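The values are calculated or read from the model by the stated rules, or taken from the named source; none is laboratory data. Everything numeric in this text was worked out from a predicted model, so none of it was measured. We place every Cβ from the backbone using ideal geometry, glycine too, and count neighbours over all the protein chains shown.
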Amino acid sequence: MLKFLLPSIMGISCVLPAASAGTSDPLRFNPDNFRVDSITMPWGETVRFKAYEGLAYVRNVEDPAYQQLNLYVPLDLKGKDDKDIPILMRNNVGGYMASPAGTPSAVDATGYALARGYVLCIPGARGNGATIEKDGKTYYTGTAPAGLLDLKAATRYLRYNDDLIPGNSERIFTDGTSAGGAMSSLQGATGDAPEYEPFLKAMGAAEVSDAVYASICYCPITDLNHADMEYEWLYGCTNTGVRKLDAAQIAISDELAALCPAYIDSLHLTDQNGTPVTSSNYMDYLKTFIMASAQKALEEGCEIPDSIGIVRYAKPRPTFAQQLGAGPANGGMPGRQQGVPAGGERKQRQGAPGGGGRTMPTQYTDYVIDIDWDKYLSYVATQQALKTPPAFDAYGVLHDSATPENTVFGSTDGTPANFTDFSLRKRTGDPSATLSEDMNYRVMLMNPMNFIAPGRQGTAPHWYIRHGAKDRDTSFLVPVNLATRLRNAGYEVDFELPWNRPHSGDYNLPDLFNWIESVM
Ligand code: DHB
């Protein structure tokens, strides 16, 4: 396999000297080479830290603009022992683009981590748009799986220098959003997988483990080779409605959707009671996550209009007399009937019994009892127009433009590529065309689902996965399948589809950091 893969992934034989060459071991960290900097948190606290920047994490640097990391060590380690200090490795990958090593920000997880006395690493990684010039030619260095290899090499660097870098390299938490969430999921799923070893060796990565302790994934755009069918299977109900597809698009959508049930069934998922999750009951399973999300939102005082398909059971409310202090309610608010899905909207944050402007106690919050999928998915599609089919492997199918995914699976000369047989066949017009062995292998390396199995050594034991309940960048099936496969394999997974969230990351940071503390 590797004899034909290595040249295509490594691209070229342009090997630049490592940025920190000159010491006997260019991968050894120098604890004395820092400057002191600070950020001011939104609550006014000034957080001072040592900044170590531009550290090459491989010996054979191919693309010096990206293959380096920045490391930040707070001056105040909050009295923690070294072994109790987590290391947050937050990538800045978005759109599968190349990302240079980043700096901390007071308004995202990076600043929060420093304020909590964590060590912070923001590695750069090759990706779309990364190029170098060699012999008068432009080479694209970021083709998959280059970016993932870089993040693995950065992990190795931290572990290799554990004796010199504060913090516990056995407590690395990876974090990323969207394509960066996909990268974080891959770091979590593929730790120490032998499939990546020859590439990491060729790059001159440190020869230590690249397993991480926990993976934080916000809206991971992953499972790329199944994402098209998952998208159409879910959103097909909107094709002639809000999505307004034309006949050719509907034909592609229908063909893709028809492939999805077999894929779902092939995963052999089970729910938390051990009941099989199949293509037949999948939408009921998915419902449980959206319903939990809506329920939590109601309890937090959100208003949810009935028009968007969240079906509710109206709980009895206190009567006016009871509100004046007469004990628990068993009547109903005027005009509302027990057992009838709530009509209209109401404010939940209103005076509680007894007045005083307190929040309506959650015992009066409506129950979410069902989802009307057509309404709910149409609502999602009105929040941001859905992608047209195929949503991911679109290159040469109905239009010529390449998606970020086509580009990342492209070649080192910058030509985008198909990464599914389905779209390859559509583009070439050859109904029996299949991806090359090389491409299949690259696609396999970029899908965390292939590496999640019970008892596999090197998979992160802890996972925090979030995908907004109105995020349409990929199908809800992608994060749900990822979380479920992980749970089924015995890993600890904190998974939610947060209410009314679009495609975004690093939100609800107190919740995230409480989770981090809880798994430390
Ligand atoms: C991202 C978003 C997408 O919709 C996509 O297809 C790939 C990446 C992103 O935000 O990183």
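Listed values, structure above:
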{"read-out": "Single residue of Leu164, Leu151 found to be within 16 Å of the ligand (Cβ to nearest atom), in contact with a Pro (Cβ under 7 Å, 6 or more places away or on another chain) and either in a strand (DSSP E or B) or within 21 Å of Asn70 (Cα to Cα) (or both)", "value": "Leu151"}
{"read-out": "Of all residues in region 366-422 being hydrophobic (A, V, I, L, M, F, W, C) and farther than 28 Å from Gly241 by Cα, the one that is farthest from the ligand (Cβ to nearest atom)", "value": "Ala417"}
{"read-out": "Criterion: in contact with a Phe, Trp or Tyr (Cβ under 8 Å, 6 or more places away or on another chain) and closer than 15 Å to Gly124 by Cα - qualifying residue of Tyr52, Tyr66", "value": "Tyr52"}
{"read-out": "Cross-chain or 6+ apart pairs with Cβ under 6 Å, region 462-489 first and under 18 Å from Met183 (Cβ atoms), then within 16 Å of the ligand (Cβ to nearest atom) and assigned to a strand (DSSP E or B)", "value": "Tyr464/Ile216; Ile465/Cys217; Arg466/Tyr218; Pro479/Ile465; Ala483/Ile465"}
{"read-out": "Residue in region 446-459 that is of a type in the set (Val, Ile, Thr) and either modelled with pLDDT under 95 or within 30 Å of Pro198 (Cα to Cα) (or both) present", "value": "yes"}
{"read-out": "Out of Thr420, Thr428, Thr415, sole residue that is assigned by TED's automatic domain parsing to the domain that holds Gln249 and crowded, with 23+ Cβ neighbours inside 10 Å", "value": "Thr420"}
{"read-out": "Which numbered condition Ile122 fails, given (1) β-branched (Val, Ile, Thr); (2) assigned to a loop (DSSP other than H, G, I, E, B); (3) under 26 Å from Thr222 (Cβ atoms)", "value": "(2)"}
{"read-out": "Unique match (being closer than 18 Å to Ser504 by Cβ, in a strand (DSSP E or B) and small (Gly, Ala, Ser)) among Gly94, Gly181, Gly176, Gly111", "value": "Gly176"}
{"read-out": "Leading residue by the ranking (farthest from Ala206 (Cα to Cα)) among those in region 167-195 that are among the hydroxyl-bearing types (Ser, Thr, Tyr) and away from the ligand (no atom under 16 Å from the Cβ)", "value": "Thr190"}
{"read-out": "Among the residues listed as Thr174, Thr143, Thr110, Thr131, the single one being surrounded by 24 or more Cβ atoms within 10 Å (Cβ to Cβ), under 22 Å from Thr412 (Cα atoms) and of a type in the set (S, T, N, Q)", "value": "Thr143"}
{"read-out": "Tally of residues being in contact with a Pro (Cβ under 8 Å, 6 or more places away or on another chain), closer than 24 Å to Asp271 by Cα and within 16 Å of the ligand (Cβ to nearest atom) across region 475-520", "value": "3"}
{"read-out": "Of all residues in region 201-218 being part of a helix (DSSP H, G or I) and in contact (Cβ under 8 Å) with a residue 60 or more places away in the chain, the one that is farthest from the ligand (Cβ to nearest atom)", "value": "Ala202"}
{"read-out": "When residues of region 56-105 are limited to those that are within 16 Å of the ligand (Cβ to nearest atom), touching a residue at least 60 places away in the same chain (Cβ under 8 Å) and hydrophobic (A, V, I, L, M, F, W, C), the one nearest to Ile516 (Cα to Cα)", "value": "Val93"}
{"read-out": "Of residues in region 467-492 being hydrophobic (A, V, I, L, M, F, W, C) and touching a Phe, Trp or Tyr at 6+ places or on another chain (Cβ under 6 Å), the one nearest to Tyr213 (Cα to Cα)", "value": "Leu486"}
{"read-out": "Count - residues of region 184-200 that are within 17 Å of the chain's Cα centre (by Cα) and outside any loop (DSSP other than H, G, I, E, B)", "value": "6"}
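Listed here are the residues, each with its yes/no results for (1) free of Cβ contacts under 8 Å to residues at least 40 places away in the same chain; (2) in a helix (DSSP H, G or I).
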position: Tyr379; (1), (2): no, yes
position: Thr388; (1), (2): no, no
position: Phe392; (1), (2): no, no
position: Glu405; (1), (2): no, yes
position: Phe419; (1), (2): no, no
position: Arg427; (1), (2): yes, yes
